[in-house]
Amino acid sequence: MQPIYLIEKFVFLKPFLYISKEKIINYANHKKISFLEDETNQNDHYARNRIRKFVIPYLQKEHNFLKNIYKFHIQLTEIYQLVKEQTNLFLKYHCHQQGAKEA
């Protein structure tokens, strides 16, 4: 997931995507900012919560897991952008619109 993404004409921002919940809570407490957590975050019915509660703690036991997974995500995002740009260039120069006349 990217911290900024588009769905149709809407821009979604997730500025805290790569900051731990613990750091956010500590900052809020230090600055005396009220902190509210969505009650659905405690419900194991949702896969995102099962991943947070069980999978990530298990994987954190591995050396540098979070640092490495973040790097991997950045690399995948960069590769995706490159492939997207190159695909668009290829289509622009090698494919004709339907109904377009040949030169």
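The values are calculated or read from the model by the stated rules, or taken from the named source; none is laboratory data. Keep in mind the model is a prediction, meaning the values are calculated, not measured. FYI the Cβ positions are ideal-geometry reconstructions off the backbone, even for glycines, and counts take in every protein chain you see.
Quick check on Leu36: is it exposed (fewer than 10 other Cβ atoms within 10 Å of the Cβ), over 24 Å from Gln81 (Cα atoms) and without any contact (Cβ under 8 Å) to a residue 60 or more places away in the chain? So Leu36 fits the description; yes. Only one of the listed residues (Leu89, Leu59) is over 25 Å from Ile4 (Cβ atoms), assigned to a helix (DSSP H, G or I) and of a type in the set (A, V, I, L, M). That residue is Leu59. Scan the range 26-41 residue by residue and report those that are outside any loop (DSSP other than H, G, I, E, B) and either farther than 28 Å from Leu6 by Cα or of a type in the set (Gly, Ala, Ser) (or both). Selection gives Asn26, Tyr27, Ala28, Asn29, His30. Of the residues making up the range 63-70, one or more are in contact with a Phe, Trp or Tyr (Cβ under 8 Å, 6 or more places away or on another chain) and in contact (Cβ under 8 Å) with a residue 24 or more places away in the chain.
Let's see how each residue does on (1) touching an Asp or Glu at 6+ places or on another chain (Cβ under 9 Å); (2) closer than 17 Å to Tyr18 by Cα; (3) not polar (S, T, N, Q):
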residue	(1), (2), (3)
Arg50	yes, no, yes
Phe54	yes, no, yes
Leu66	no, yes, yes
Tyr70	no, yes, yes
His73	no, yes, yes
Glu78	no, yes, yes
Leu82	no, no, yes
Lys92	no, no, yes
His96	yes, no, yes
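For the range 4-26, filtered to residues that are in contact with a strand residue (DSSP E or B) (Cβ under 7 Å, 6 or more places away or on another chain) and surrounded by 11 or more Cβ atoms within 10 Å (Cβ to Cβ), the residue that is modelled with the lowest pLDDT is Tyr5.
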